[in-house]
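Notes to accompany the following structure.
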Amino acid sequence: MKRTEVFHRVVGLTSCLLVLLPAAVALLYVRAFGVSVVVSDAWPMVRLFDKWSSGTLHLSNLWVQHNEHRMLFPKGVELLLGGITRYDNVAEMYLIQGCFFVTLVILFLAFRDSIATRSWLLLFVPVSLLIFSLRQHQNMLFGFQINFAFTQTFGVLSLFLLYVLGRSSLKKPAFAAALGSGTVASLSTAQGLR
C-alpha cells in the first residue's frame, strides 16, 4: 500500500469515529441524567392515557391543540411508547436521540456526493456536533420534546425526498413520501395544515 492510501484510510476511519462520537456522548448523557418524571407540559399526556385505558380515547383527543401546537403524530407515538414502557419518559428521550441520528444519516446521504473521499468526511464532523450539541440538553432530557425532534427529522426527510425527486426516476413515490413526511412534520409542532 502506498503511504497516501494508508493516510486516507486512517483519516477516513478517524473521521467516521469523530462523526459518531457526538451521538455516543448524547446517548451517554441521556443514560446518565435521564429521569422518568412527568413535568410541566407532559401532564396532558396523563389524561390521554386515562382516556385510552378507559376506552374513551378518540382521534379528536389527539387533534386538540396544546398551546399553539397540534401534535397529532407525537401524541400517538407517545401513547404507543407509553403503553409499552408504562410511560417511562427515558424511553422518549432515547427516541429523541434516534430522531437526531436519523437526521444525521439523512444529511449525510444528501451531502455524500459532495464528500469525494473518506478523508473529506472530516468536514461532516461539525454537522454531527451541531445535531448532538449538549446546548440542547432541555430537548434531550424532556421526553415531551419529541414533537420538536419529529418536526426536525421529518422536515429534513421531506426536503431530502424532494432532492431525490429531482434526481430519480421514481418521481411519484418520492413525491408521495415527501408529502407524507412534510405532513408529519407539520402536525408535530406546527398549527397543522390549513
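Of the listed peptides 137-144, 37-44, what is their order by residue-averaged count of other C-beta atoms within 10 Å, with the highest listed first?
137-144, 37-44
Counting only protein heavy atoms and a 1.4 Å probe, tell me what percentage of segment 1-100's accessible area is made up of carbon and sulfur.
Solvent-exposed carbon and sulfur of segment 1-100 make up 66 percent of the total.
From the backbone phi of segment 179-189, what are the Karplus-calculated ³J(HN,Hα) couplings (6.51 cos²θ - 1.76 cosθ + 1.60, θ = phi - 60°) in whole Hz, Gly and Pro given as x?
For segment 179-189, the Karplus curve yields 5, x, 5, x, 5, 4, 4, 5, 9, 10, 9 Hz.
From the phi of every residue in segment 61-76, what ³J(HN,Hα) in whole Hz does the Karplus formula 6.51 cos²θ - 1.76 cosθ + 1.60 yield, where θ is phi - 60° and glycine or proline is x?
5, 7, 7, 4, 5, 10, 6, 9, 10, 10, 10, 4, 6, x, 5, x
Which residue fluctuates most in the GNM of the chain (Cα springs below 10 Å): Arg167, Arg70, Arg31?
For the chain, modelled as a Gaussian network with Cα springs under 10 Å, the answer is Arg167.
Segment 138-180 to segment 51-111: how many Å between their Cα centroids?
15 Å
Would you mind calculating the relative contact order of the chain from Cα pairs under 8 angstrom and at least 6 residues apart, reporting the percent as a whole number?
Relative contact order here is 31 percent.
Name the residues whose placed amide hydrogens come within less than 5 Å of the amide hydrogen of His66, ignoring near sequence neighbours (fewer than 5 apart) on the same chain.
So His66 has HN proximity to Met71.
To make sure I understand the rule: partners must be lysines, Cα under 23 Å from the Cα of Lys51, and not fewer than 8 residues away in the same chain. Which ones qualify?
Leaving aside lysines fewer than 8 places away in the same chain, those within reach of Lys51 are Lys75.
The values are calculated or read from the model by the stated rules, or taken from the named source; none is laboratory data. Computed from a predicted model, the values in this text were never measured in an experiment. Don't worry about glycine lacking a Cβ; one is built from the backbone with ideal geometry, like all the others, and counts go over all protein chains shown. When the accessible area is computed, the model is the full protein with side chains, heavy atoms only, and any ligands, DNA or RNA have been set aside. Shrake-Rupley method; radii C 1.70, N 1.55, O 1.52, S 1.80 Å.
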